[in-house]
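A.B. asks: Dumping the structure here so I can ask a few things about it.
The values are calculated or read from the model by the stated rules, or taken from the named source; none is laboratory data. The model shown is predicted, which means the values in this text are computed figures rather than measured ones. Cβ placement follows ideal geometry from the backbone for every residue including glycine, while neighbour counts extend to all protein chains displayed. Protein only, heavy atoms only, side chains kept; ligands, DNA and RNA dropped before computing areas. Shrake-Rupley method; radii C 1.70, N 1.55, O 1.52, S 1.80 Å.
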Amino acid sequence: MSTHTLSVLVENSPGVLARVAGLFSRRAYNIDSLAVGPTENPDISRMTIVINVESHSLEQVIRQLDKLVNVIHIAELKLAESVQAELLLVKISATSKNRFDVDAVLETYGASIVDEGADYMTIEATGDAAKISDLLNALERFGIRELAQSGLVAIERGSGSLADRTLSTQSIPTADSGQADYQN
Amino acid sequence: MSKKMSGASSLVQSLESAGVDVMFGLPGGAILPAYDPIFDSKIRHILVRHEQGAGHAATGYAQVTGRVGVCIATSGPGATNLVTPLADAAMDSVPMVAITGQVPSVAIGTDAFQEADIRGITMPFTKHNYLITDPKDIPRAIAEAFYIAGSGRPGPVLVDIAKDALQKETDFVYPKELSLPGYHPQLEPENQYIKDAAALIAQSSKPVFYVGGGVIKSNASKELMQLAELVGAPVVTTLMALGSFPDSHPQHLGMPGMHGTVAAVTSLQKADLLITLGARFDDRVTGKLSTFAVNAKVIHADIDPAEIGKNRFADVPIVGDLKRTIAALIPAVKAEFAKNKADLTPWIASMNKLRATYPLGYELPKDGSLSPQYVIERISALTGPEGIYVAGVGQHQMWASQFVKYENPRTWLNSGGLGTMGYAVPAAMGAKVGAPDATVWAIDGDGCFQMTNQELVTCALNNIPIKVAIINNESLGMVRQWQTLFYEGRYSNTSLDSKRVPDFVKLAEAMGCVGLSCERPEDVDAIIKQANAINDQPVVVDFRVFRDAMVWPMVAAGTSNDDIMIAREMAPDWDSQEL
Ligand SMILES: Cc1ncc(C[n+]2csc(CCOP(=O)(O)OP(=O)(O)O)c2C)c(N)n1
Ligand SMILES: [Mg+2]
């Protein structure tokens, strides 16, 4: 089993998340995480999907996904060729006594405090999976009260964009698309 | 030019613009607005007796004509009755558009009367589906639905339309162009793979054409014939491909798979190259996958890239429309043959010997009762290869695949992938509507027939004179066969015997059909001729056949093709074969 990050551009249409999630479940593919959000184009959303597969079936996953009419493009984002990040919000116990120690940890990981009170502190951090997990380890000793974590999002390194390379504006004349014989 | 009209009229005009000439359906509250303009439309609407019948009829029509079949139903139970035919069409790659009414948009999600989330329900087995709540979206959705259903790997598309979208006024404009950024079926095969395939074909000394239903879908029978004769290799046609290559052709070894011929199954097992054309390595063909064709390289040509490598690794993958793929292979193979061509003589001789040693056959019942295989053989002989044969699911289906002689594509219809009992009668109805001049025989089981025979009423009232042969073994025969073989003959709930209840002859007559029955071998021909001579009414013949007949050969589920049995506890005599 190995982990792969797929960046999937989908039409921003109702039901598209259900289509993708349903495909993964009925074909028994394992999803580690899935994040959906807008892109630079209001008609298109991006899903970042982290999956765990045998290497031979990664291709199957991609091809089956590609069959969904609302899926426009799929790219695998390799670790070295992409920037990947998760968002963490974590509420820890903090008192005036350990405040100083917490600050030191936050500084190391570039995390910040987004809410605080007499005995708690909510911290926000972003980063790749390894960094988030290290941070959580470091915060453990203060007592984690609650945490919320997003799925991974990722983007290709370099100046190009997936959409530039993949969005074809080719249109199909309907004169040929009714009861015509498409394949001949 | 846009015209003001109701969403319902816009729907019907869109269907007309898409080229629909016939649809099968049944109205209800949510779809009712659409039935008003249907009343005036030039589209022929055939009122079925159950929506499942409408769905399978659309499939039968599509299978025979190659056009997109259309069915229409109301929300809730009307829509859920289409679920089985949609799943069936998805498994067998049948182009179909289903239109359903939905509760008004404000009521969606409230458990309103006759609300069912049919878009959600059908997501797994439609090629695509829509929920339309704004009337202006209707023409585009319909145009897209027809394009998606019929292009690439064909499949079913559902368009669910909220009642208020049908009622509101809208501007009707049928789109001149469609833009589907995520849908680009690849039709043209890549040249490099064509060359690679041709090279493998020239080197192979034990090649087999493993032909699937894709050849029929892409109307590539002529090209297949040319390529097959050029290469000279044996040809096997799967359950979905019968008729794509003539049964009478000397290269044809028959059907592979669970109930395939010894020669066809063995040819795949012993081959050094599978030239796979529009087939998908289904478990009913491969048997235990790890033991399937272990020495063969694989050329896999299919229009659906996801089929390639799904079950079996492809040494040469070719994505594209099969007609173009095969047409491209012909000159490429010729060019390779000019350089070298392996000698196929010993391979062909050994396969021919197998075919001669183990032809399809059956034993006549010792008690003199009617043999189901004989009945089917005679229907084929007396109707001929221009007839269209539609089967249900079970033993009779397998016998119809084995003992009808197929010479032409689109003359054999069955539910291959889903195995839907009840497919035959409504699919035959759709087939007859699509090919009104052909003799259409439904070869049905007594079990299957009792699931959907109500569509004979539709046939009788709409001048759709199909013929139905009930292969009446008074049991769920195929399941009974498994109980014989794998459950020590403990026949739990497979007997339909209840002193001739129902009386199929009376049932047929009650539905406006001619009802006939036959139980003596000597009457078979006369009765088939009598049925074939009736062209103004549907005919049902109750063939009361021997109950314990079994389907052979058989590769038991989950076992290896190498363990094929030609009869109970009887394997082919491999020692006498040189393979
Ligand atoms: C809807 C449905 N239910 C159950 C089955 C399982 N099944 C497969 S064949 C068969 C028996 C069919 O009986 P019949 O129509 O009499 O055909 P026979 O095998 O006797 O020729 C059954 C129950 C099925 N394929 N489809
Ligand atoms: Mg039966």
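A.B. asks: One residue is enough: does the stretch B:125-132 have a residue meeting the conditions part of a loop (DSSP other than H, G, I, E, B), at the interface with chain A (Cβ under 9 Å from one of its Cβ atoms) and touching a strand residue (DSSP E or B) at 6+ places or on another chain (Cβ under 6 Å)?
C.D. replies: The answer is yes, given that some residue of the stretch B:125-132 is part of a loop (DSSP other than H, G, I, E, B), at the interface with chain A (Cβ under 9 Å from one of its Cβ atoms) and touching a strand residue (DSSP E or B) at 6+ places or on another chain (Cβ under 6 Å).
A.B. asks: Can you spot a residue in the stretch B:58-68 that is of a type in the set (D, E, K, R) and within 14 Å of chain A (Cβ to nearest Cβ)?
C.D. replies: Among the residues of the stretch B:58-68, at least one is of a type in the set (D, E, K, R) and within 14 Å of chain A (Cβ to nearest Cβ), which makes the answer yes.
A.B. asks: Restricting attention to the stretch B:317-362, and to residues there that are in a helix (DSSP H, G or I), touching a residue at least 40 places away in the same chain (Cβ under 8 Å) and hydroxyl-bearing (S, T, Y), which single residue is farthest from B:A279 (Cα to Cα)?
C.D. replies: Checking each candidate, the answer is B:T357.
A.B. asks: Wholly within the stretch A:1-119, which helices (runs of 4 or more DSSP H) include no fewer than the required count, namely at least 2 residues that are more than 20 Å from A:V153 (Cβ to Cβ) and away from chain B (no Cβ under 14 Å)?
C.D. replies: Correct list: A:99-109.
A.B. asks: Here's a follow-up. Give the stretch B:384-398 a look and list any residue that's in a helix (DSSP H, G or I) and either touching a Lys or Arg at 6+ places or on another chain (Cβ under 7 Å) or within 11 Å of ligand 2 (Cβ to nearest atom) (or both), or say none. Before the answer, list the steps.
C.D. replies: Quick first cut of the stretch B:384-398, residues in a helix (DSSP H, G or I) only: B:395-398.
B:Q395, B:H396, B:Q397 - these are the residues of the stretch B:384-398 that are in a helix (DSSP H, G or I) and either touching a Lys or Arg at 6+ places or on another chain (Cβ under 7 Å) or within 11 Å of ligand 2 (Cβ to nearest atom) (or both).
A.B. asks: Which one of the conditions (1) more than 16 Å from B:K163 (Cβ to Cβ); (2) more than 14 Å from chain A (Cβ to nearest Cβ); (3) touching a Ser or Thr at 6+ places or on another chain (Cβ under 9 Å); (4) in a helix (DSSP H, G or I) does B:L15 fail to meet, given that it meets all the rest?
C.D. replies: (2)
A.B. asks: For the stretch B:296-316, indicate whether the set of residues that are within 14 Å of another protein chain (Cβ to nearest Cβ), out of contact with any strand residue (DSSP E or B) (no Cβ under 9 Å at 6 or more places or on another chain), assigned to a helix (DSSP H, G or I) and in contact (Cβ under 8 Å) with a residue 12 or more places away in the chain is non-empty.
C.D. replies: No, there is no match, as no residue in the stretch B:296-316 is within 14 Å of another protein chain (Cβ to nearest Cβ), out of contact with any strand residue (DSSP E or B) (no Cβ under 9 Å at 6 or more places or on another chain), assigned to a helix (DSSP H, G or I) and in contact (Cβ under 8 Å) with a residue 12 or more places away in the chain.
A.B. asks: Given the structure, is B:V479 in contact with a Leu (Cβ under 9 Å, 6 or more places away or on another chain) and within 16 Å of ligand 1 (Cβ to nearest atom)? Spell out the reasoning first.
C.D. replies: Working: in contact with a Leu (Cβ under 9 Å, 6 or more places away or on another chain): no; within 16 Å of ligand 1 (Cβ to nearest atom): yes.
The answer is no for B:V479.
A.B. asks: State which residue is modelled with the lowest pLDDT when the search covers only the stretch A:135-184 and only residues that are among the small types (G, A, S), open to solvent by 30 Å² or more (accessible area, probe 1.4 Å) and within 25 Å of A:S82 (Cβ to Cβ).
C.D. replies: Ranking the qualifying residues of the stretch A:135-184, first place goes to A:S168.
A.B. asks: Among the residues of the stretch B:179-211, count how many are within 14 Å of chain A (Cβ to nearest Cβ) and either open to solvent by less than 70 Å² (accessible area, probe 1.4 Å) or farther than 28 Å from A:A75 by Cα (or both). Step through it out loud before you land on a result.
C.D. replies: As a first pass, look at the stretch B:179-211 and keep what is within 14 Å of chain A (Cβ to nearest Cβ): B:179-189.
Among the residues that remain, those that are also either open to solvent by less than 70 Å² (accessible area, probe 1.4 Å) or farther than 28 Å from A:A75 by Cα (or both) are: B:179-183, B:185, B:187, B:189.
Of the residues in the stretch B:179-211, 8 are within 14 Å of chain A (Cβ to nearest Cβ) and either open to solvent by less than 70 Å² (accessible area, probe 1.4 Å) or farther than 28 Å from A:A75 by Cα (or both).
A.B. asks: Tell me the helices (runs of 4 or more DSSP H) entirely within the stretch B:20-108 that contain at least 2 residues that are open to solvent by less than 10 Å² (accessible area, probe 1.4 Å).
C.D. replies: Result: B:51-65, B:77-80, B:83-91.
A.B. asks: A further question on this structure: Which of the residues that make up the stretch B:432-463 are away from ligand 1 (no atom under 11 Å from the Cβ), of a type in the set (G, A, S) and closer than 22 Å to B:V375 by Cα?
C.D. replies: Those that are away from ligand 1 (no atom under 11 Å from the Cβ), of a type in the set (G, A, S) and closer than 22 Å to B:V375 by Cα: B:A438, B:A442.
A.B. asks: What's the number of the only condition in (1) over 20 Å from the mean Cα position of the chain (by Cα); (2) buried (at least 24 other Cβ atoms within 10 Å of the Cβ); (3) over 25 Å from B:A228 (Cα atoms) that B:M351 fails to meet?
C.D. replies: With (1) over 20 Å from the mean Cα position of the chain (by Cα); (2) buried (at least 24 other Cβ atoms within 10 Å of the Cβ); (3) over 25 Å from B:A228 (Cα atoms) applied to B:M351, the lone miss is (3).
A.B. asks: Quick one: B:G447 ticks every box in (1) in contact with a Ser or Thr (Cβ under 8 Å, 6 or more places away or on another chain); (2) assigned to a loop (DSSP other than H, G, I, E, B); (3) not acidic (D, E) bar one, so which box is it?
C.D. replies: Looking at each condition in turn, B:G447 falls short on (2).
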